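Nothing in this text is a laboratory measurement; each read-out follows from the coordinates by a stated rule. A quick note: this is a predicted structure, and the numbers were derived from the prediction, not measured. For neighbour counting, all protein chains shown are included, and Cβ atoms are generated from backbone atoms with ideal geometry for every residue, glycine included.
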Amino acid sequence: MSPQRSHARAFAPASVGNIGVGFDLLGHTVDGPRDIAIVRRIDEPVVRIAAIGGVAPGADSLPLAAEKNTAGQALISLRKKLGVAHGFELHLEKGIALGSGLGGSAASCVAAVVAANAVLDVPLRREDLYPFALDGESVSSGSRHGDNVAPMLLGGVVMATATRMIPLPVPDWLHAVVVHPDQVLETRRARAVLAEPYPLSLVVEQSTHLALFLTGLQRGDAELIREGLHDLLVEPRRAPLIPGFMQVKQAALDHGALGASISGGGPSVFAWFASKAEATLAAPVMRAAFAAAGFDARAYVSPVAGPRAEVIEQPGLRA
């Protein structure tokens, strides 16, 4: 059977991992920065990364060895599982800053598997791409957690377990502000501060917040979301790693945020609002709070029900 395409170009959006109360479990996408992958089907039975570029600082420092790269490892996993005879050549365009807490490593592998899927003889369902994206993400983080890759694959807010992606209902009035400062916080360092055990009472209280938060989403109830969106476990340990975090969070709350916390492993900060108008007004104030701490920052206003990764149709890309 001849392939549908010989090559494809796909993007994956940035994301907010954890959403505060859902460590390694919840995430949502952001209509803002994105990574792009161009995957070519080649006769040689290998995965080869031809080039990595883009506007993200440090993109040229990422490894070209496929097994050491999140996108490359995702494609290696896909080839091995499906037993395809052909290989893939990959070009990455990084638009999401490294160590930003916006899911940059996940975006690379999700964009790659979505593009690669488009050149298969029989493309897979989105759900079937999940384990390959997890394999890729684990290269960067050292663990298989889907709170970034799952929402990138499906869009919006997603609950990600080890084996399932579960899309959650999102009221269309919910908007997020995500502020990314000129700081870098490596995922492994951000995870290292969580090693010490937590008291059971605190875990129970966090579980209560998670239950309130999820019920608020299900019912479209802003007050339940507000009551639930308080991270008692991860945020207190990671906040000292992010200069200016508390000021940015307070600025969001002072301007009507339902809640605010650290995006993924940080240093980016997110806040949820009950309207686009509130989010738009709060964004420059949150940015200014980082500036007062000595860091320039970029702010993105996005529906919480953000986009999913997609193939980018372009003239000349079809086989």
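For this structure, a couple of remarks:
- For the chain, a crude dipole built from +1 on the beta carbon of Lys and Arg and -1 on the beta carbon of Asp and Glu, taken about the Cα centre, is about 580 debye to the nearest 20.
- Projecting label points 7 angstrom from Cα along Cα→Cβ for R144 and V204 puts them 3.3 nm apart.
- Label-point separation, D172 to D128 (7 Å along Cα→Cβ), nm: 3.3 nm
- Euclidean distance between Cα centres, segment 41-85 to segment 7-23, Å: 19 Å
- Solution diffusion estimate, µm²/s, Stokes-Einstein, segment 101-178, Kirkwood Rh from C-alpha pairs, 20 °C, viscosity 1.002 mPa s: 164 µm²/s
- Compactness of segment 175-303 as Cα Rg over 2.2 N^0.38 Å, two decimals: 1.05
- Stokes-Einstein translational diffusion, segment 7-166 - Kirkwood Rh over all Cα pairs, 1.567 mPa s, 4 °C, in µm²/s: 87 µm²/s
- Its convex hull of Cα atoms gives segment 251-290 a direction-averaged projected area, equal to a quarter of the hull surface, of 2.6 nm².
- With θ taken as phi - 60° and the Karplus curve 6.51 cos²θ - 1.76 cosθ + 1.60 applied, the whole-hertz 3J(HN,Hα) list for segment 57-66 is x, x, 4, 6, 8, 6, x, 8, 5, 4 Hz, x standing for glycine and proline.
- Summed side-chain charge close to A289 - residues other than A289 whose Cβ falls under 13 Å, Lys, Arg +1, Asp, Glu -1: 0
- 3J(HN,Hα) from dihedral phi, segment 260-272, Karplus parametrisation 6.51/-1.76/1.60, rounded to Hz, x for glycine, proline: 8, 6, 8, 7, x, x, x, x, 5, 10, 10, 9, 9
- Each peptide in 44-54, 296-306 was scored by the mean count of other Cβ atoms within 10 Å over its residues; highest first, the order is 296-306, 44-54.
- Axial C-alpha extent at least 20 Å, average Kyte-Doolittle at least 1.6 - helices from the chain (DSSP): none
- Column: log10 I(q)/I(0), Debye, Cα scatterers of the chain, q = 0.15 Å⁻¹: -1.12
- Residues listed by number, segment 160-199, amide nitrogen under 20 Å from Q250 label point at 7 Å toward C-beta: 179-181
- Which of F11, F213 has the fewest Cβ neighbours within 10 Å, and the rest in rising order: F11, F213
- Inter-probe distance in nm under a simple model that places probes 7 Å from Cα toward Cβ, at I42 and D121: 2.1 nm
- HN-Hα J in Hz across segment 9-19 - Karplus 6.51, -1.76, 1.60, θ = phi - 60°, x for Gly and Pro: 10, 9, 10, 10, x, 5, 8, 10, x, 6, 6
- Of the peptides 55-62, 240-247, 155-162, the order by per-residue mean of other Cβ atoms within 10 Å, starting with the highest, comes out as 155-162, 240-247, 55-62.
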